[in-house]
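First up is the structure itself, then whatever we jot down about it.
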Amino acid sequence: MRTTFLFALTITLFACKEKQFHLPEVLPIDHPAIVTQEFIYELENALTPECHASTVEVSNGVVVASWFGGTKEKNKDVGIWVSRKIDGNWTTPVEVVNGMQKDGIQYPCWNPVLFKPKGEPLYLYYKVGPSPQEWWGLQMISNDDGKTWSKPTLLKEGILGPIKNQPIQLTDGVILSPSSNESTDGNWTIHIETSPDSAKTWTSSGPLNNPKNLGAIQPAILNYGDGKLQLLSRTKNEVISENWSIDNGKTWGETKATALPNPNSGIDAVTLKDGRQLLVYNPTGKNWGDRVPLSIALSTDGKNWKRVLDLEPLRENTDNEDEEYSYPTVIQAEDGKIHLVYTWNRKTVKYIVLNPKKLQ
């Protein structure tokens, strides 16, 4: 299993190809909870100049990752890419779909989300369109753990699918998908899309926040049991916002600011099997758009969070303004291991496995 980087070779080769991009020193993070840390593909083997918005799922023991990649976010050549970890190694990334339309117009793809409902195939949700204000949602299905995919199908009008983070499935089988809208007038709203039948049909809750008070997008769902759920969302207001439900998401309380900072960057969170809540986020807020460091915080009540690990710390003697570690996706597999992926300077995807028992 490859668990280390080809540090000197990677930096040398990539620096030659990308003279204008300042790469930080690539160092492994030393922490007892880290089982694996690696790039899904090495920098010198990148098939696209940029990548972003990665997602991960474990399907029948196979680790599957996806992201969007192309010349640059919003460019029409941006498609959805997939790699699988087989026998300890990541397969060469494959573009599984692009935004080409029947009329010959091609649009960029956005924000893939992998999700496997219990007893169902692996789903890949994504968006296509000229911008987040105009995109639409689609899905593909894999019956062989991400090796091959069905043709894309359009989600019904009014349903966008999970915008960035995975849905959760309740004990009764109901699926709650965290979604949001970015309107052309600049308003950001979050909502929940619900499926009672293993992701076959969906209904939308409608907006859960007043964007004039607190604009929010890209929620993540945490489950405290006994019907108690929490949404944590990205905002423009330098903080992560929250909503609470006490009836398994049928109704939601007011959107409020938390004490957690947010530099207008994507977050993700997962409820661990031991009852703790785990958040992956950029713990900066005053410098809007600052996406370093990337950190993990833990909580038992969703109110008091303790930052316990910097996956990408601030580095001395480095111009951190040139760096970006962002848009994490985090899951916990059946064996208890925590899997997460994130954007590494928009050049590759970093993959980390954690042992939650050593994450204190």
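The values are calculated or read from the model by the stated rules, or taken from the named source; none is laboratory data. This structure is a prediction, so every number in the text was calculated from the model and none was measured. Don't worry about glycine lacking a Cβ; one is built from the backbone with ideal geometry, like all the others, and counts go over all protein chains shown.
Values as computed for the structure displayed
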quantity: Restricting the stretch 313-360 to residues that are over 20 Å from Ala65 (Cα atoms) and acidic (Asp, Glu), the residue that is surrounded by the fewest Cβ atoms within 10 Å (Cβ to Cβ); calculated: Glu316
quantity: In the stretch 157-200, the residues that are in contact (Cβ under 8 Å) with a residue 60 or more places away in the chain and over 19 Å from Asp247 (Cα atoms); calculated: Lys164, Asn165, Gln166, Ser198, Ala199
quantity: Qualifying residues in the stretch 133-178 (those that are under 16 Å from the mean Cα position of the chain (by Cα) and part of a loop (DSSP other than H, G, I, E, B)) - the one farthest from Arg84 (Cα to Cα); calculated: Leu160
quantity: Ala33 modelled with pLDDT under 95 and small (Gly, Ala, Ser); calculated: no
quantity: Complete set of residues in the stretch 88-131 that are over 17 Å from the mean Cα position of the chain (by Cα), outside any loop (DSSP other than H, G, I, E, B) and of a type in the set (D, E, K, R); calculated: Glu95
quantity: Qualifying residue in the stretch 173-182 (condition: under 29 Å from Thr71 (Cα atoms) and surrounded by fewer than 20 Cβ atoms within 10 Å (Cβ to Cβ)); calculated: yes
quantity: Close pairs (6 angstrom Cβ cut-off, 6 or more residues apart or separate chains): touching a residue at least 60 places away in the same chain (Cβ under 8 Å) and among the charged types (D, E, K, R) in the stretch 263-285, surrounded by 20 or more Cβ atoms within 10 Å (Cβ to Cβ) and in a strand (DSSP E or B) anywhere; calculated: Asp268/Ala220; Asp268/Val280; Asp268/Pro328; Asp268/Thr329; Asp268/Val330
quantity: Residue count for the stretch 251-286, restricted to those that are of a type in the set (Ser, Thr, Tyr) and surrounded by fewer than 16 Cβ atoms within 10 Å (Cβ to Cβ); calculated: 1
quantity: Verdict on Pro219 being modelled with pLDDT of 95 or more, within 23 Å of Gly137 (Cα to Cα) and over 18 Å from the mean Cα position of the chain (by Cα); calculated: no
quantity: Residue in the stretch 47-65 that is out of contact with any Phe, Trp or Tyr (no Cβ under 6 Å at 6 or more places or on another chain), crowded, with 16+ Cβ neighbours inside 10 Å and not in a strand (DSSP E or B) present; calculated: yes
quantity: Residue among Val353, Val280 that alone is β-branched (Val, Ile, Thr), in a strand (DSSP E or B) and in contact with a Pro (Cβ under 8 Å, 6 or more places away or on another chain); calculated: Val280
quantity: Flag if Leu124 is surrounded by 15 or more Cβ atoms within 10 Å (Cβ to Cβ), in contact (Cβ under 8 Å) with a residue 40 or more places away in the chain and aliphatic (A, V, I, L, M); calculated: yes
quantity: Residues of the stretch 85-106 satisfying the condition of being of a type outside the set (A, V, I, L, M, F, W, C), surrounded by 19 or more Cβ atoms within 10 Å (Cβ to Cβ) and in contact with a Ser or Thr (Cβ under 9 Å, 6 or more places away or on another chain); calculated: Lys85, Pro93
quantity: Residue tally, condition outside any loop (DSSP other than H, G, I, E, B), β-branched (Val, Ile, Thr) and either at pLDDT below 95 or closer than 27 Å to Thr343 by Cα (or both), over the stretch 179-204; calculated: 3
